1. Of the candidates H24, H188, H32, which one comes out as most mobile in a Gaussian network treatment of the chain with C-alpha springs shorter than 10 Å?
2. Leaving ligands, DNA and RNA out of it, report the carbon-plus-sulfur percent of the accessible area of the stretch 134-175 at a 1.4 Å probe.
3. Place +1 on the Cβ of every Lys and Arg and -1 on the Cβ of every Asp and Glu in the stretch 1-158, take the dipole about the Cα centre, and give the residue among S118, H32, W75 whose Cα lies farthest towards its positive end.
4. Treating only the Cβ atoms of Lys and Arg (+1) and Asp and Glu (-1) as charged, compute the dipole magnitude of the chain about its Cα centre; round to the nearest 20 debye.
5. If I fit a long axis through the Cα atoms of helix 117-133 and take the longest principal axis of the Cα atoms of the chain, what angle between them do I get, 0 to 90°, rounded to 10?
6. Between D52, D135, D20, where does the largest GNM mean-square fluctuation fall for the chain, given springs only between Cα atoms within less than 10 Å?
7. I'd like the distance between the alpha-carbon centres of the stretch 79-123 and the stretch 31-55, rounded to an integer number of Å.
8. In a GNM of the chain with a 10 Å cut-off on Cα contacts, which of L140, L70, L49 has the highest mean-square fluctuation?
Amino acid sequence: MLDPRDVENLPGSLDPARRDEVAHTTARAVVHAARAAEDPDVVARLVRLVEDEGLDVVAELWSDAAPATLPGALWRLYALREWVRRDPRTVGLRYRLGVDAAPVHEVVAGVPRPPTPSDLRELADTVLSGVYSGDLAVALERAAAFCRILATGAAYDADAREVADPGAAARMTRGAADLVGTAAELEHAAALWRNDALD
């Protein structure tokens with residue numbers, strides 16, 4: 001795996017085609033090597049990748065990748081997990097606000113009710129574990145369902161704040177739309193994986 005620090009030391013800036021190649025190569029190597037190893041310790045280390053290497057390192061590798069690609073899907077999963085880790089209170093509030101309006105997504109996401117911060121962190125870790133040791137398409141669909149519940153909760157939260165703080169309500173509405181977009185991207189990636197077309 002090409003270390004981002006090594007990339008920074010390459011002469012000149014990395015052209016977009018090379019950057020895309022690095023993203024795809026590293027994503028394939030990580031996912032396929034972990035799945036072949038069937039080692040719980042390897043899976044646990046990959047789930048903790050952001051804690052061990054930093055979000056910036058993961059972003060450098062995969063954040064520019066197209067959503068309908070393996071590195072793009074991995075980036076979205078790690079970013080979602082990091083949000084859950086860093087702000088479990090907000091995520092929990094949005095989940096509680098949105099879950100009643102999205103019962104099908106609740107079943108797919110598989111979070112106990114009412115969720116505690118540790119329940120939410122466990123879901124994020126389980127989803128990433130599924131990428132490396134389970135059905136990757138199911139892991140992506142669980143993350144998508146979780147995003148849809150959070151989007152619904154953010155929309156309800158925005159409605160409740162619109163009179164008192166219209167600026168915050170507008171930001172939450174945009175955030176809800178972004179979460180719906182992320183959910184759709186993850187669902188598309190899951191369909192591509194099932195068709196052996198997620199690269």
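The values are calculated or read from the model by the stated rules, or taken from the named source; none is laboratory data. Bear in mind the structure is a predicted one, so any value in this text is a computation, not a measurement. Positions of Cβ are generated from backbone atoms using ideal geometry, with glycine treated the same way; all protein chains shown enter the neighbour counts. Each accessible area value is taken on the protein alone, full model and side chains, heavy atoms only, with ligands, DNA and RNA left out. Shrake-Rupley method; radii C 1.70, N 1.55, O 1.52, S 1.80 Å.
1. Result for the chain, Cα springs under 10 Å: H32 fluctuates most.
2. Details: 1010 of 1860 Å².
Percent of accessible area from carbon and sulfur atoms in the stretch 134-175: 54.
3. Value computed over the given set: S118.
4. Working: 22 positive and 33 negative charges, 110 e Å.
Using only the charged Cβ atoms, the result is roughly 520 debye.
5. 30 degrees
6. D52
7. 23 Å
8. With Cα springs under 10 Å in the chain, the top fluctuation among L140, L70, L49 is at L49.
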